[in-house]
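Accompanying notes for the structure given below.
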Amino acid sequence: SQKIEQNSEALNIQEGKTATLTCNYTNYSPAYLQWYRQDPGRGPVFLLLIRENEKEKRKERLKVTFDTTLKQSLFHITASQPADSATYLCALDRNDYKLSFGAGTTVTVRA
Amino acid sequence: SAVISQKPSRDICQRGTSLTIQCQVDSQVTMMFWYRQQPGQSLTLIATANQGSEATYESGFVIDKFPISRPNLTFSTLTVSNMSPEDSSIYLCSADRDLGVETQYFGPGTRLLVL
């Protein structure tokens, strides 16, 4: 069956450090993978999209990697700030304009 | 970018009743979707709301329980029918960002509690 697994544990890190989140999947062949941020009581907000032929993508302090052989994406928040505290969701393309989401990883950045 | 609003933002309902959730987008969009998110869990796609035709439901979701309307390119409704406590969840609508772009905008969600 198809599965998307993100870090099962919440991530607590010190301000200024790098947070690294993982997204592993099985029985998907996504053409792209996306990362969203969700704050409490709000809908997810799109952050980054990476395609199957791209190894790495950056946007400001965010970096995403995508390894289709390992079936894994890594999401990095560098120089983290308390404002980065949120839940981060990985979403996979289902090849039909629809997305499947992971359960998310909650990140808390301590000042 | 599109802005999506949902009404109501939250509600408490009695079992056996129905609730209709509205989703309004501030610009025309091709695809609109309805998701359910239970506490601590991932977003689960309920259905795709198709303009001018019946919604396309995901496995495990049926039209009798979750009727959906999409009268135009900016508006959709989801009804949760004959509710039970198991329907307590957050319901989110989303829309594709732009034609040919695969990312989605999300509404703020409707928090539903069924007693």
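Checked against the criterion of being touching a strand residue (DSSP E or B) at 6+ places or on another chain (Cβ under 9 Å), open to solvent by 10 Å² or more (accessible area, probe 1.4 Å) and over 18 Å from B:A95 (Cα atoms), the stretch B:23-36 contains not a single residue that satisfies it.
Take B:L78 and tell me if it is at pLDDT 95 or above and either among the β-branched types (V, I, T) or under 19 Å from B:A55 (Cα atoms) (or both). When the stated conditions are applied, B:L78 passes them. Considering the stretch B:31-40, and only residues there that are under 16 Å from A:G41 (Cβ atoms) and modelled with pLDDT under 95, the residue that is nearest to the other protein chains (Cβ to nearest Cβ) turns out to be B:G40.
Under the condition of being assigned to a loop (DSSP other than H, G, I, E, B) and modelled with pLDDT of 95 or more, the residues counted in the stretch B:81-113 number 8. If you take the residues of the stretch B:60-72 that are farther than 15 Å from B:Q6 by Cα and in contact with a strand residue (DSSP E or B) (Cβ under 8 Å, 6 or more places away or on another chain), which of them is most open to solvent (accessible area, probe 1.4 Å)? Result: B:I63.
No other residue among B:V80, B:V62, B:V3 is in contact with a helix residue (DSSP H, G or I) (Cβ under 6 Å, 6 or more places away or on another chain) and among the aliphatic types (A, V, I, L, M) apart from B:V80. Considering only residues that are within 14 Å of A:L21 (Cα to Cα), within 14 Å of another protein chain (Cβ to nearest Cβ) and of a type outside the set (S, T, Y), which ones fall in the stretch A:51-106? Once the filter is applied, which keeps residues that are within 14 Å of A:L21 (Cα to Cα), within 14 Å of another protein chain (Cβ to nearest Cβ) and of a type outside the set (S, T, Y), the stretch A:51-106 yields A:V64, A:A86, A:L89, A:C90, A:A91, A:G102, A:A103, A:G104. For beta carbons closer than 7 Å, sequence separation of 6+ or different chains, a first residue in the stretch A:55-84 that is free of Cβ contacts under 8 Å to residues at least 60 places away in the same chain and a second that is among the acidic types (D, E) and in a helix (DSSP H, G or I), the qualifying pairs are A:I77/A:D84.
The condition (being more than 10 Å from every other protein chain (Cβ to nearest Cβ) and part of a strand (DSSP E or B)) is satisfied by just one residue among A:I13, A:I4: A:I13.
The values are calculated or read from the model by the stated rules, or taken from the named source; none is laboratory data. Only a predicted model underlies this, so the values are computations on that prediction, with no experimental measurement involved. With ideal geometry, Cβ positions are generated from the backbone for all residues, glycine too; neighbour counts draw on all protein chains shown. Areas reflect the complete protein model, heavy atoms only, side chains present, ligands, DNA and RNA absent. Shrake-Rupley method; radii C 1.70, N 1.55, O 1.52, S 1.80 Å.
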